[in-house]
Structures are given as C-alpha cells and as structure tokens.
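Before any comments, here is the structure.
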C-alpha cells in the first residue's frame, strides 16, 4: 500500500494523526527474538526427552526479589454475579484463560478462589513473578519503626474521623429533619386530595400510607 | 537473614533445623488437628503468607477478638492464626517484649497475642516476671467462643494464661506453680498492687482479717500474707 499518510493528490492527511504509528523494525526484532527462544526451548525439551529426562527452564536464583506480605486483600468478589463470554477452546484444563480466576503470569485458570490463592503462594507463581519465596527477617529496629508508622496512621485516622464526625453530625441531623418534614407534607397533601376526591364520590377512604407497609392490609 | 514465606520449613517435622522450644519444633505446641485447621484456612493462606515480625504488626493491629476455634467446623480465629505464625517465625525475645510493652499500650489485642506467645515459649521464671505486671491492665477484650462472643478483661485473660490448662484451643504446657518457684528461690514473693488497699481494709474491719480478696483485678493475691 502506498503511503497511508498522504491523500490522493499528495497533500498530507491531517485527520489521521490520531492513529497509532507502529515501529515496524522494533516489532520485527522482537518477533525474531521470540521465535529463536521458542526454537531453542523446543530443541532443549526434545533432547531431554530423548534422554528420558524433563527439561526445566533455568532460573537464576540470585536475581529474584525477596517476598513480602500482601498489601491488600486478593480480589475475588468483583466478578460475582456478572456474566462473561469466553471462547470455548481457550482453556485446556488449567492452562489458558478460561472461566474462573486467571493468573496472568503463569497462564493458568483456577475454578476456586482457594485454589487461586494457594497458587499465588506456590513456588511456580513466585518464580514467574520474579520473587524468591524468602522473606527478610525483621530486626528490633524494623519492629520499632513499624510500630511508629502504625501509630502515626492510627492518629491520622482518628483525627480525620473526629473532623468528619463534627461537621456531619449537625448536617446529618438537619438533613433527617428536612426529610421527615417533607414526608409529612407529602402525606398531608395526599390525604387532603383523597378526602376532597372521595368526598365528592361520597366514599371515605382511610389514609393509604400504611397499606403495603409491613404487610398491613386495611 | 531470611526465612521462607510460607511455613513449609517448619510444618514438615522431618527436616526441621530451626530454633527449638524445650527441645521440640515450636509448632508442636499446638495440636495437629488445630494445626491443620489453621493451615487450611483462608486467613492463613491469604494474609499470613510472607509475614515477618514487622509486617505481622499490620495484621495484629486489625485484630478485633481473641479466641481459639469457633463454629461447628472448628474454624480458627485470626488471633490463633497469627499466634501460629509467631510460632513459625520464633522472633527474638526483645521483639516479643516490644510487642507486649510498646505495642500493647496502643493495641490491646497485640498485647493479648504477645502474652499468649510468651506463655507458650518462655521459661517459667520469665513467664511470671513478664506477665504479672499486666495483671493491672483492665481493658476489655472480646473473646470468640464456639457459639458467640463473650466479654473478658485483659487481666482475666492473663490470669487464665497463668493458672489454667487450656486456652484458645491449645493446651498450655504445665507451668510450675508460683509457690514452687518461690520455694526454689527463683522468684520473689509476689506483692500485689492491691496490698495497700487490703491492709487498710483489714485494719478497718477491726480484727476480721480474712475478708477475701477485694475487687476482681488480681485474684493471685494470697490473703494470708499480712506481713507483705
């Protein structure tokens, strides 16, 4: 295809500037690298199979980071009740992105949140995410610093709550009063209308405010 | 210095090379059934993975009740899971004392957790000397029992640790009585903080000495020691 940036008569197109431009050479190099790696791995696996052994990807243990604890909860509840469409052949057993909890780094799907969390703790996943599974031992100074930090955080939260509490309390009281006033007005108006209407028909009806509420049938 | 993120090195007893408590793997202080419940619980898998003595504080300050196991299926409480984590970590004595004293001032459940750990792992003399000052701490704790929650006080809990056989789903190892240690001259006689009050009471009563213990705060008072 001819140069896509130019229009039919050679003028530069200005309304296609939003389109992303791809650096072809970079992606070419990347694809070549991946292909070479795959071929190497395939060859190594084949050779190991001939010997009757299994080939493991070499892991450089010294470059792995230390593991630390989780900062927040694992998100398992966000997709509850939602329906997603998944291609039928996208997962064979655990491998591949199928229905359930998917782990990006290892390309595995788990049907259960417990299995998923167990996987997140497993050696396979830790190595795939570049962690070593070793935790640094804490010294007394670490513990002291942590206590200080937690105390700080607690003070800040208390102050915030105190501040929020004062303002909101007055506003909250006023708001509830306003709401009640409005409800009372509404009910009064409706009752007056009903009375006027039913007075014309000659039938007096009870205030229907309590009907349906708490299962009360008049 | 590092240790494994999960407790796998201490859970399997066969190759255990870590620190020993009274000659055994520290986690054997908790019974196998309870141990299995703990390691299979979601709290352990999600929150207790990769903790060290410092990051454990993040979890400990979020505790809101003490307890062993609850419910029909013997589910472990976060308190018990963290106590088990402490056993697998076996932090140094200063760190535990830091938890008890500095941390415990601010967070009572942290103090309860550290006290439980002290009761399980320290030497008898150290247990008495470390835990007795906290018999004056009267803060309230929420305890989760099999069917529901109960109210206990910190001093009640510490007294339970010092005198009873079982607490929080673990059988506490046999602690020699205070009398024994005093007779062996390893401990000094205990002077109760309420001794002054008791003496006053005895004087007021005009010759009616054994009036029983006053107030619920220190049941370890021995009413026969009017000589102090």
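The values are calculated or read from the model by the stated rules, or taken from the named source; none is laboratory data. Just so we're clear, the structure is a prediction, and the values are computed from it rather than from any experiment. Quick reminder, even Gly has a Cβ in these numbers, built from the backbone with ideal geometry, and neighbours come from all protein chains shown.
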Going by what's in this entry, would residue A:146 be described as assigned to a helix (DSSP H, G or I), more than 29 Å from residue A:67 (Cα to Cα) and modelled with pLDDT of 90 or more?
no
So the helices (runs of 4 or more DSSP H) completely within segment B:1-88 holding 1 or more residues that are more than 14 Å from chain A (Cβ to nearest Cβ) and surrounded by fewer than 20 Cβ atoms within 10 Å (Cβ to Cβ) are B:32-40
task = For segment A:158-166, indicate whether the set of residues that are within 14 Å of chain B (Cβ to nearest Cβ) and closer than 30 Å to residue A:62 by Cα is non-empty.
result = no
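Here is a list: B:161, B:131, B:135, B:100. Which entry is touching a strand residue (DSSP E or B) at 6+ places or on another chain (Cβ under 8 Å) and either in a helix (DSSP H, G or I) or within 22 Å of residue B:27 (Cα to Cα) (or both)? Write out each step before concluding.
Working: B:131 fails: touching a strand residue (DSSP E or B) at 6+ places or on another chain (Cβ under 8 Å); B:135 fails: touching a strand residue (DSSP E or B) at 6+ places or on another chain (Cβ under 8 Å); B:100 fails: touching a strand residue (DSSP E or B) at 6+ places or on another chain (Cβ under 8 Å).
Answer to the selection: B:161.
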